[in-house]
2 protein chains.
Amino acid sequence: MPYELYYWPGIQGRGEFVRLALEEAGADYVDVARERGPGRGVKALMAMLNGGAAPPFAPPFLRDGDMVVSHVANILHYLGPRLGLAPADEAQRIFAHGLQLTITDFVAEAHDTHHPIATDLYYEDQKTEAKARAAAFLAHRVPKYFGYFDRVLTDNPTGAAHAVGSALTSVDLSLFQIWAGMTYAFPRAFADAATLYPRVAALAAQVAARPNVARYLASERRIPFNESGVFRHYPELDQEPGARRRRS
Amino acid sequence: MPYELYYWPGIQGRGEFVRLALEEAGADYVDVARERGPGRGVKALMAMLNGGAAPPFAPPFLRDGDMVVSHVANILHYLGPRLGLAPADEAQRIFAHGLQLTITDFVAEAHDTHHPIATDLYYEDQKTEAKARAAAFLAHRVPKYFGYFDRVLTDNPTGAAHAVGSALTSVDLSLFQIWAGMTYAFPRAFADAATLYPRVAALAAQVAARPNVARYLASERRIPFNESGVFRHYPELDQEPGARRRRS
C-alpha cells in the first residue's frame, strides 16, 4: 500500500521536506490533497483533521496503513529507517533528529519573516513589522543557523559530504530545501551564501544533482516556489548581502 | 552515572519540560549549569556548545554517557522509555511524539508574544509589536491549541486522564507546564480556561498533585517563573478573557 502524504496542494511548504525523502527513495506514495476521486483531495485532508481519534494538529501528516504520523521531523524519523535515509547507529540517529528539529525551528523563523504578528492576517497588514523581522532574521539568525550547519558538515569525522555519517539522510535533503528556499526568497541577501557556507552550498548542489531528486525537481510534482508558501520572495524584505556585517 | 541536563540556570524555559520528566521519574540527574565546580556551571554548557563534534545548536540538551541529545522533544523521546514515561505501543509513541512537537510549536509562539521582531532586541524595543502579536495569540492561537489538546483528551479511548494511553507520559507533564505558564503569563486572558478546556485543566491539576511533582514544585529546584523565561507576565500584553470571543 502506498504511503499517503497529507498536505496543502498549492505550496511546497513544510510538506516538501517529506516529498523530497519519498522522491529520493523512489517510494510509492500518494500526495492525497493533490489527487481527485474518493478519499482524495483537500476534503480527505480535512476529514483526517476533524474525524477520528488521535487527530493531527495540522498538516503535513503521513498515513502508513493504520499509522498516522504528524510533524515533519516525526515523519522523517519514522520514514528514515524504512526508506534507507537514516543512520544505523543510535547516537547518529538521535543527532540527525536533533538537526531535523533545528531545521524545523529555522523554517518557522523563515515563515515569520512575512507573518511576524499573526498567521490569520494578510502579509500586507503586517508589512512594516515584516521588514523589521526580516532584517533581524537576515542579520543574525541566518548566519547563526547556516554557520552552525556548515560547522556540522566540517566536523563530520567521515567527511563534509553529509550532515550525519557517510551516507545520505533526510537531513541532507532538508538542508538542500532550506538552501533552495533562501535562494528563492532572499536572492540578494543570500547572494554570497556559497562563500560564507561553502560546505552547505556543496551539499545542496550534490543533493540537487542526485538522479531521483533531479528528476523530481524537473517534474510537475515539484510545485514552484510561490507567495503562499514558507519561503516567499517579497523584494521589499530582501537586503544587500553586506547588511549582516554592517549591523553586527 | 546521573543524567546531565544542560540549560540556562536562571529560568524554567524550555529546560523545564525535561526537568519535570526527570523529577517525576525520580531520576538521578545533574542540572549542570546550576552547579559549581569542575565540569559544572554555564562554562561547562558553553564548552559543550563550542567544542567537539556533533554539537547541539542550543540548550537544552542532555548528556547520558556518550549520548548527547538536543531539543526538548528529542530528549523526551529518548528519556521516555528509560523513565517509564512513554507508551509501549509504537503507534501511541509516535502520536505522543507528534503531540510533544505540537507543544514545542506552542512554546515558540508563546515566546514570540514578547519577542515578535527579534530575539536579540529587548522587549521594550518591540513592545508595540508584542501587543499586536499577544492579542492575536490570545484570540486565535491559544483557543486553537488548547481546544485541540482538550479534544485529544476527550477522544482518548482509555479515558481523559492522560493524553496518550492509560498511563502518565511526558506529554501530560508538558501539558501541565504550558497550563502553568499561561496561568502565570496571562492571568486575565486565561482566567476562564478551566471552563473552556476542562479536561486539560483537570489533567494539569492531577499532574501538580503527583507526589514527586508536588515535592519538586515546592522545592528550590523549581525556579520561579520570571521575566527572562518563555512565559512572562507583562500586564500590558494580557487581555480580558472575553477578547477572544469578541474578535472572532
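Readers should treat all values here as calculations from the given coordinates under stated rules, not as data from a laboratory. Please read all numbers here as calculations on a predicted model, not as lab measurements. Positions of Cβ are generated from backbone atoms using ideal geometry, with glycine treated the same way; all protein chains shown enter the neighbour counts.
Here the Karplus curve 6.51 cos²θ - 1.76 cosθ + 1.60, taken at θ = phi - 60°, turns the phi angles of the range B:32-40 into couplings of 3, 6, 8, 9, 10, x, x, x, 10 Hz, with x standing for Gly and Pro.
Counting lysine pairs in the protein assembly as shown that sit 8 or more residues apart in sequence, or on different chains, and whose Cα atoms lie under 30 Å apart gives 14. With the label put 7 angstrom out from Cα along the Cα-to-Cβ vector, B:PRO211 ends up 6.3 nm from the copy partners, going from closest to farthest.
Remark: mean inter-chain Cβ contacts per residue of B:134-147 equal 2, using a 10 Å Cβ-Cβ cutoff to other protein chain atoms.
Computed from Cα atoms alone, the Kirkwood hydrodynamic radius reported for the range B:69-166 is 15.4 Å. What percentages, rounded to whole numbers, describe P(r) for the range A:57-124 computed over all alpha carbon pairs with 5 Å bin width beginning at zero? Each 5 Å bin holds this share of Cα pairs: 4, 15, 18, 20, 17, 12, 8, 6, 2, 0. Between the range A:32-103 and the range B:104-160, what is the C-alpha centre distance in whole Å? A separation of 23 Å, based on Cα centres. Note on A:GLN206 and B:MET67: the model spin-label points, each 7 Å out from Cα along the C-beta direction, lie 2.8 nm apart. Size estimate for the range A:3-83 follows the Kirkwood approach: the inverse of mean 1/r over distinct Cα pairs works out to 12.6 Å.
Computed about the Cα centre, the dipole magnitude for the protein assembly as shown is approximately 480 debye when only Lys and Arg (+1) and Asp and Glu (-1) carry charge, each at its Cβ. Label-point spacing at A:ASP192 relative to the other copies reads 5.5 nm, in ascending order, each point sitting 7 Å out from Cα along Cα→Cβ. Positive end of the dipole of the range A:167-248 (Cβ unit charges, origin at the Cα centre): among A:TYR184, A:PRO211, A:ALA194, the Cα lying farthest that way belongs to A:ALA194.
Between copies, the label points at B:TYR122 (set 7 angstrom from Cα along Cα-to-Cβ) are spaced 3.6 nm, reported in nanometres from shortest to longest.
If both residues of a DSSP beta bridge must be in the range B:3-83, then about 70% of such bridges are antiparallel.
The mean count of C-beta atoms from other chains within 10 Å of the C-beta of residues in A:76-85, rounded to a whole number, is 1. Per-residue packing, averaged as other Cβ atoms within 10 Å, sorts the ranges A:149-155, B:172-178 into the order B:172-178, A:149-155, beginning with the highest. Diffusion coefficient of chain A by Stokes-Einstein, Kirkwood radius over Cα pairs, 25 °C, 0.890 mPa s: 130 µm²/s.
The charge dipole of the range B:150-241, taken about the Cα centre with unit charges on the Cβ atoms of Lys, Arg (+1) and Asp, Glu (-1), comes to about 380 debye, rounded to the nearest 20. Legend: calculated FRET efficiency, B:TYR123 to B:ALA91, from the Cβ-Cβ distance at R0 = 41 Å, rounded to 0.05, equals 0.45.
For the range B:78-158, a crude dipole built from +1 on the beta carbon of Lys and Arg and -1 on the beta carbon of Asp and Glu, taken about the Cα centre, is about 160 debye to the nearest 20. Once the Cα-Cα distance is subtracted from the 0.36 nm per residue extended length, the B:ARG221 to B:LYS144 segment shows a gain of 24.5 nm. Neighbour counts of other Cβ atoms within 10 Å put B:GLU35, B:GLU220 in the fewest-to-most order B:GLU220, B:GLU35.
By DSSP, what percent of the beta bridges with both residues in the protein assembly as shown are antiparallel, rounded to the nearest 5? The antiparallel fraction comes to roughly 70 percent.
For the listed peptides B:222-232, A:64-74, a ranking on the average number of other beta carbons within 10 Å per residue, highest first, reads A:64-74, B:222-232. Rg/Rh, computed from the Cα trace of the protein assembly as shown with Rh as the Kirkwood radius, has the value 0.94.
Remark: the range B:219-233, residue by residue, has Karplus-estimated 3J(HN,Hα) of 8, 6, 5, 7, 6, x, 4, 7, 8, 10, x, 6, 9, 10, 9 Hz, where x stands for each Gly or Pro and the curve is 6.51 cos²θ - 1.76 cosθ + 1.60 at θ = phi - 60°.
Restricting the calculation to Cα atoms, the range B:127-230 yields a radius of gyration followed by a Dmax of 14.7, 45 Å.
With a 10 Å cut-off around each Cβ of A:116-124, the average count of Cβ atoms from other chains is 5. Counted by neighbouring Cβ atoms within 10 Å, the residues B:TRP8, B:TRP179 run from fewest to most as B:TRP8, B:TRP179.
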